[in-house]
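Presented below is the structure to which this report refers.
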Amino acid sequence: MSRSPSPSPSPAPPAAAPLADDPGLAPRAHQLRLRALCSAVRAAQGAADEAPTHALRAALADTAARLALPHAHVSLRSALALHALRAAYSPEALLAALDVLDAATHESGASRLYAPAFAAAVSALLAAHYAWAGLQPDDDDDEGEAPPPAPLVRDPLAHWLGIAHGPLLGPAGWRRASLPRPQPAQPGLEELLGEEAVRTRMREWWSRVAGDVRQSQVVWNQFLTFELLHLARDRTSERVEAVRAMFAARMRQPHHDLQATFERFSSFVSTYMPADVYEKTMSSASASLAAPRAAYAELTPFEDALPSWRPYLRHVGALRPPHAHIDAISATYERALATLGLPQALGGEAVPASAERDEEQRKERRRIGGRAWKAREEAEEAELQRKWSEAQGVWEEYCWALSSPRVSGTLVLDACARATRALPASGALWGTYLRALARQRRSKTQLDDVFSTAVASGLLSSDAQIELLVARIDAEREGAAVALAAAQGCEPAEAMALLPRDGERFMDVYGLISYCISLVQPPDAALRLERLAADWADAGGDATRALAAEIWQAARAAQPTNAAAWLAEAQFWMRVGDAKQARGLFKMAASRANVAPKDELLRVWLEFEQIYGSAAEVEYARARGRAERERQWEAWYEAYAQQAAAPAAAAAPAAPADVSMTDATEPSAADDSSAAQPEASSSKRKADDETMEPAQKVSREAPPKAPKRDRENCAVIVAGLPPDATADDLVSLFKDCGAFFEAPDVRVFGNEAAALVEFAARESIPGARTRDLKRVRGHEVRVHLGWECTLYVTNFEETTDDVAIRELFAPYGTIFDVRWPSRRIATSRRFCYVSYALPESARAALELHGRQLSQLNKLQVLMSDPARRQVRSDEHASDRQLYISGLPRAARLEDVRALLAPFGDAVGDVRVPLNPDGSNRGLAFVDMQSVLDAQRAVAELADARISGKAVRVALQQSKVRAGINASNARPHLGFAERARAVKVSGLPHDAQEAKIQQLFEHEAEGPGSVQRVDWTPGEEGKGYATVVFRDAATAGRISMLPELAYEGTPLGLSLLEAGSAAGFAPRLASRGRGRGRARGGLGFGAAASSSRPAQSAPMDVDAAPKGQDAFRDMLRKG
């Protein structure tokens, strides 16, 4: 912004009181400082001491230089600057006030496009100009005019500081009657308040606010009034043409008040232009309105839906340059940031601190009680974390939208800098800033300054710190690649591939990675930087691979109790072919009692020995695995006994995770050591917890982790129960056998019922078997081991669902349940467990084993015998499966087979999933004959191409594990996923994630139409899930279904986006549409759990189904 030369200085204002201890970048520390200073100003009312006020102004300026000020604090700062003019309306004081107002237009609430800040700046400038120039606008708000309603007018000084008669802020800016005004033609103000000086400022402000299609008209109206006043006083052809051009430019811009602008233009033409040109001028203007009207009509649905910004941002985010002008994209994001970019609690309290307010809070706490008050605080903290995550997502998407090469680097870096000032605890945003600096070829000094600022802030959690360090390494690689490209005369992309082989630059990057590892305290249990360092050393070839060994040795020394460190080092020696070193590490880790958790290490060790070890080594690894499982059971029994001895109100220990009845490759949630935690925290306790190692937190706060659930060894199925049998009847029947793992699951099948009873320990099973042929309510019951009634079924087609399995196995007897593995694990071979009420039925169904279902699929049906688990499990099938991605759209099955032709008989089944139109989905799955064949294929097809396009060949196992980690972490849904998501409520307590996916795939477009299901169990009828579809259109159609049921239980459906933004409850489908729960065995008509009445999810609205019109109304109100 151009600024007029400053007049000669006048005596300086009284020195401000020195600021308190430096609050750094901690928003909470800045809040406390401002709160204390506001209290000091309140206390000084009536005294001549101005020091507290000057100290407050200095503190606000200091905070604004480091962090994003919320809108309320921006208004307070502006009001203080304007109020200071009452003491002396000097050129220096006016210039200082204008600078504060201008700063508000550049950033308010972290946004550069907050229209009320522009309106406030314009109104204050014009008020001073009109008074100085002796002008009286027609819309004058001086004496005699009724002010706007009280709720629309604010007095920031009275609100925050108790200062009476301060400037009043209304919808159109500062009210002129409340502002200090200069004397007419006061000397020394010409350069600030003269016509041209004001016009220059007005044009600069208008050029930046014009992008707000909704609220910029307030600023334009004031600008127009200014021009018309001067035109009326000095009517010249040049001024008339300037105003006409101003109208023409405005009418070319899409905006909400386009018709009002046109009508004012009509009045202007009739008043100031010759009568004979009126018709031609207005006809031309009317024709020019077509394009902006059409452009605004496209935006109208999104504008009408405000303040729900998500649909708007999705729409704009899809229009990256050159398909849309960057100014329009930037304006929309800046408007959204004014609402979403700075969660209020991070910027400051909306209500000023006062003794009265503190006393009100104490009274409220005493009234509702300490427990309710704590619950309220926790709810507020959770809401802040949600808003914090939402704000981070908006900033990340904005920075990505600006990443086009067509966008000015200054604009990108400005957005990144503001993002870190708004959310200084976000490692992701600091990382985005560092990468942007590297991409814009900024100096290493600037990179180091930003990096040092982030590290010194002390606000980053462990995960955020890792994100920052990884980004710093990325920036270093980028800079090294640019330097190498300049030295060798090649493109930076080519230089990046050559970088690991350049000795000097390799060591520069490696040295930085080592330095970053040293900064992580306590050490990262997930070893993310160590893995990055080892991969970098591997990329350097044989000459640098020895560095990887040093990295893992150092990691193991730093974290001697972390099983992941032992496993990573062993896997390194496996990759380089040193089986002796790997075996030694496996044995040492397995023998140390303090190394945990060992599950994954023992599993990989056994796989390693099955490839490289002798029979004796395999048996030794198996024995160590059994010993570890027994140790875990003993620890869990001990914890269970301790909790059982505690008061009855104490909660039971966490249940062990299911092994045999779920996917053998799916880990429990406790295995995930890298679940993302919110980075912004306002409690000291939480901050303290974040500084502890995970192992310390577990040992201090939780009992030992339970071993995995052993349903097959600890469960019995009870058949022949009367239809009115209850769980209490089962508890009475087995009362002396031992503790239950969970409440018995009773299901009714016509005139009989059956139940699954699961005990906490295997030792309970012999006693439970003695209850066979006992009577319950006069009915003789049969008690059988769970595994005797259960079949392991695999190798069916990928499109096979629960309905098909039940239809196939129903002829052999009453099916008690069908259990599916989690569909979050993306494996091509599917399996399930079919449980019958009687073992005779299971044995009869074995005749299905070997049935040819298709050319590639021969069904496998085996007894789910725990002793033969390794024989009938496909746990290691993915080790020899290839996953090929990136196929050309025209590629066929024959093309994939041709790619694999060099491997001959080692190639088994090849599958290429197809879309409904016959084109491939870009993927292929290949079964190799052995693990070694699969590994050789991956190595030899590293640079494979099909029809000239590069494809990626990887082990399916790595894809599976990546899916496991992603699913366990359950990351926050991004805007793109939320747009395609439907929230499902009313699920029964025993719902299965895979069956939820099957239900919605059936209602959508078949397999592949559902990309993700996140299920949260609850009480009967109160479970809910989030279903992410392949596209938003499918999600919208599904959400509109009038009725849908999960096994007879009506479901509530709502778009996730609309539900979160508008706050309405989902519709309740009244009649079942999906498969009823009655599909049990032959001769049984009732649903499997019909004894449990369906319950609807709790709602705040009428439970009756609503039509599409009501649904759209709710969206608009959101």
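Observations
- Model label points for residue 742 and residue 487, set 7 angstrom from Cα along the Cα-to-Cβ axis, are 6.1 nm apart.
- Here the Karplus relation 6.51 cos²θ - 1.76 cosθ + 1.60, evaluated at θ = phi - 60°, turns the backbone of region 932-939 into coupling constants of 5, 4, 5, 5, 5, 5, 4, 5 Hz, with x for every Gly and Pro.
- The mean sequence distance of close C-alpha pairs (under 8 Å, at least 6 residues apart), as a share of the length of region 425-559, puts its relative contact order at 20 percent.
- Dividing the mean sequence gap of close Cα pairs (under 8 Å, 6+ apart) by how many residues region 209-267 holds gives a relative contact order of 40 percent.
- Taking all Cα pairs closer than 8 Å and separated by 6 or more residues, the relative contact order of region 563-645 comes to 23 percent.
- Using alpha carbons only, the radius of gyration of region 877-964 set against its Kirkwood radius gives Rg/Rh = 0.94.
- Packing here is the average count of other Cβ atoms within 10 Å per residue, and on that basis the peptides 721-734, 282-295, 156-169, highest first, run 156-169, 721-734, 282-295.
- Rounded to the nearest Hz, the phi-derived 3J(HN,Hα) couplings of region 618-628 under the Karplus curve 6.51 cos²θ - 1.76 cosθ + 1.60 (θ = phi - 60°) are 5, 5, 5, 5, 5, 5, 5, x, 5, 4, 5, where x marks glycine and proline.
- With neighbour counts taken as other beta-carbon atoms within 10 Å, the residues 251, 273 rank, fewest first, as 273, 251.
- Segment residue 627..residue 44, full-extension length gain: 202.5 nm, with 0.36 nm per residue of separation and the alpha-carbon distance subtracted.
- 3J(HN,Hα) couplings calculated from phi for region 199-212 with the Karplus curve 6.51 cos²θ - 1.76 cosθ + 1.60 (θ = phi - 60°) are, in sequence order, 4, 4, 5, 4, 4, 5, 5, 5, 4, 8, 8, 4, x, 7 Hz; Gly and Pro show x.
- 10 Å binning of all Cα-Cα separations within region 563-645, expressed as whole percents from 0 upward: 18, 46, 22, 10, 3, 0
- Amide H to amide H distances under 5 Å link residue 799 with no residue, where only residues 5 or more positions off or on other chains count and H is placed in the peptide plane.
- Chain lengthening between residue 797 and residue 635 when straightened (0.36 nm per residue, less Cα-Cα): 54.2 nm
- Each other residue within a Cβ distance under 13 Å of residue 595 adds +1 if Lys or Arg and -1 if Asp or Glu, for a net charge of +2.
Bear in mind that the values in this text are calculations on the coordinates, not laboratory data. Note that the coordinates shown come from a computational prediction; the quantities given were computed from them, not determined experimentally. Don't worry about glycine lacking a Cβ; one is built from the backbone with ideal geometry, like all the others, and counts go over all protein chains shown.
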